[in-house]
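Have a look at the structure below before the remarks.
The values are calculated or read from the model by the stated rules, or taken from the named source; none is laboratory data. All figures in this text were calculated on a predicted structure; none of them were measured in a lab. With ideal geometry, Cβ positions are generated from the backbone for all residues, glycine too; neighbour counts draw on all protein chains shown. Surface areas here come from the heavy atoms of the whole protein model, side chains and all, with no ligands, DNA or RNA. Shrake-Rupley method; radii C 1.70, N 1.55, O 1.52, S 1.80 Å.
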Amino acid sequence: MNTILRKSILGIAGLTVAGGLAAGPLNHDTSTPTRDPAVTTTQAAAKLDTATLIPHGVQGAQSHIDLNDEQTANVKAIIAATKKAGMDERAAVVSIATALQESKLENLGHLGDRNDHDSQGLFQQRPSSGWGTVEQITDPEYSTTAFLKGLKQVDGWQDMPLTKAAQAVQVSAYPDHYAQWEQQAADLVAQHWNS
């Protein structure tokens, strides 16, 4: 065989093999894809309209806490009570942000010297202020329903920034503190509303 022809054939074969090796692994990924929890949460949030969850955008610096099983169960209880009351996702965001500020989503009993008067439960409601009995206000469904009843009585709450809507119901000594929980509350509603 002609030396020039043989070198050409071997050269072409070499390029083909080298090209196949170089392109093969790039085009044929056999690794198992992993799920990124942040992507899953973002995808869940995309299913709900951001304009519904945070219509005014967040106000100020945002806080965030990691939730344990009890706190997550309380989030689900707030969402269930909101749905049962016939209210929308925004009402759930306001409720969860309020409970995050008041109790960090923990169903608190009487805290002794650390208690604010007789405040208890997720929303730190007071029996002496007519929110219900201790047994009632430490029941997540009851306390959420009571909060939502108060929210419904606030004219135009749907058009208010979260902190103003929450403050109109809670009458807190620190009215602007509710705003810091809006993003986490919206994320929790996006994650659990349809679960």
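Just a few scattered comments:
- Exceedance of the 18 Å cut-off in Cα-Cα distance is limited, within the set LYS84/LYS152; LYS83/LYS149; LYS84/LYS149; LYS76/LYS164; LYS84/LYS164, to LYS76/LYS164; LYS84/LYS164.
- Of the residues GLN183, MET160, ALA173, the one whose Cα sits farthest towards the positive end of the charge dipole of the stretch 126-193 is ALA173 (charges of +1 on Lys and Arg Cβ, -1 on Asp and Glu Cβ, taken about the Cα centre).
- Taking 7 Å steps out from each Cα toward its Cβ at ASP159 and LYS76 produces label points 3.8 nm apart.
- For the stretch 75-195, the fraction of 1.4 Å probe accessible surface lying on carbon and sulfur atoms is 47 percent.
- Distance between the modelled labels on LYS83 and GLU141, one decimal in nanometres: 1.3 nm (7 Å Cα→Cβ projection).
- Accessible area in square angstrom per residue, the stretch 63-195, 1.4 angstrom probe: 47 Å²
- Highest to lowest packing among 80-87, 58-65, 99-106, scored as the average C-beta count within 10 Å: 99-106, 80-87, 58-65
- Relative packing of peptides 131-137, 165-171 - highest average C-beta neighbours within 10 Å first: 165-171, 131-137
- Sorting 138-146, 181-189 by their mean Cβ neighbour count within 10 Å, with the most densely packed peptide first, gives 181-189, 138-146.
- Shape analysis of the stretch 138-190 places it in the rounded category; the axes a ≥ b ≥ c from the Cα gyration tensor give an a/c below 1.5.
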